[in-house]
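Beneath this line is the structure, given in structure tokens, with notes to follow.
The values are calculated or read from the model by the stated rules, or taken from the named source; none is laboratory data. All of these numbers come straight from a predicted model, not from anything done at the bench. Neighbour counts are summed over all protein chains in view; Cβ atoms, including those assigned to glycine, are modelled from backbone coordinates with ideal geometry. Only protein heavy atoms, including side chains, enter the accessible area calculation; ligands, DNA and RNA are left aside. Shrake-Rupley method; radii C 1.70, N 1.55, O 1.52, S 1.80 Å.
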Amino acid sequence: MSEPDIRVLLVDDQELFRAGVQVIINAQPGMSVVGSAGDGLEGIRLVDELEPDVVLMDIRMPEMDGVEATRQIFLPDRAARRARPVRVVVLTTFNLDDRAARAIRYGASGFLLKDTTPLMLRDAIRTVHAGNAVLAPSDLSTLLDSQFQEAVPIPASYQQLTEKEREVFEAVARGLSNTEIATQVFASESTVKTHVGSILRKLALRDRVQIVVFAHQHGLVKL
């Protein structure tokens with residue numbers, strides 16, 4: 001039995017751009033566009049209505065920009081009503097955009113330049129659907145360092161992590177893959193996945209990207 005298609009929602013104020021991206025995505029195996037919106041407000045409504053897996057969100061739009069729309073999509077009350085997780089990738093024309101950094105703080109899984117290739121777009125959708133970031137660890141660190149000038153006190157939930165879970169946490173925060181982490185902590189990849197799942201539950205985080213954000217926010221990054 002084949003896996004269901006990755007359901008994609010497009011949110012961008014340029015209709016021609018949305019139409020072009022829709023053609024590209026619908027031509028890829030295992031994914032399809034389920035909706036299209038021209039501004040952030042409509043995008044939020046369609047996220048609630050259509051329950052997409054991945055949202056491609058333009059940063060600069062009228063009515064409501066992509067940063068605020070991303071924040072509202074991941075509000076705890078709204079997220080709690082969702083039957084399935086949603087990932088957001090913000091689209092921008094500027095590399096290392098400060099607005100993109102704010103969107104990542106609010107829950108986005110990374111950003112793509114709007115002139116990206118169809119192959120990179122396809123791979124990015126699959127990557128975030130799996131719970132990973134679409135940014136290189138160095139770029140993600142650069143973005144987040146600009147957002148957190150002073151570390152926020154470490155919450156009590158972090159103290160619940162075991163010694164091994166803290167090792168895995170630090171490795172995830174540095175952008176290492178499960179394979180790389182397994183080698184570092186002398187464990188199997190399946191054990192690493194189990195540790196990551198436990199970390200996410202204990203810290204009430206959605207995915208690996210949010211582990212990176214948490215680490216930067218609380219001054220726990222060890223490069």
> Using the Karplus equation 6.51 cos²θ - 1.76 cosθ + 1.60 (θ = phi - 60°), what ³J(HN,Hα) coupling, rounded to whole Hz, does each residue of the range 79-86 give in order, writing x for Gly and Pro?
Replying inline: 5, 5, 7, 7, 7, 9, x, 10
> If you take all C-alpha pairs in the chain, what percent of them are over 25 Å apart?
Replying inline: 39
>> If I stretch the segment between residue 156 and residue 82 completely, what's the gain in nm (0.36 nm per residue apart, minus their alpha carbon distance), one decimal?
In response: 23.9 nm
>> Let me make sure I get this right: for the range 9-135, a, b and c are the square roots of the gyration tensor eigenvalues over alpha carbons, sorted descending. Under 1.5 in a/c it's rounded, otherwise prolate if a/b > b/c, else oblate. Which is it?
In response: rounded
>> For a quick check of understanding: with a 1.4 angstrom probe and all protein chains in place, what accessible area in square angstrom does residue 180 have, to the nearest ten?
In response: 100
>> I'd like the trypsin sites (Lys or Arg not before Pro) in the range 56-138 restricted to DSSP loop residues with at most 11 other Cβ atoms within 10 Å, sorted by number.
In response: 81
> Hey, what angle do you get for helix 118-129 against the long axis of the chain, alpha-carbon based, 0 to 90 degrees rounded to 10?
Replying inline: 50
> Once you list every other residue whose beta carbon is under 13 Å from the beta carbon of residue 200, what net charge do they have if Lys and Arg are +1 and Asp and Glu are -1?
Replying inline: +3
>> Between residue 126 and residue 164, what is the label-point separation in nm under the 7 Å Cα-to-beta-carbon projection?
In response: 3.1
> Helix 40-50: angle to the longest alpha-carbon principal axis of the chain, degrees 0 to 90, nearest 10?
Replying inline: 80
>> What does the net charge come to around residue 54 if you take all other residues with beta carbon closer than 10 Å to its beta carbon, with K and R at +1 and D and E at -1?
In response: +2
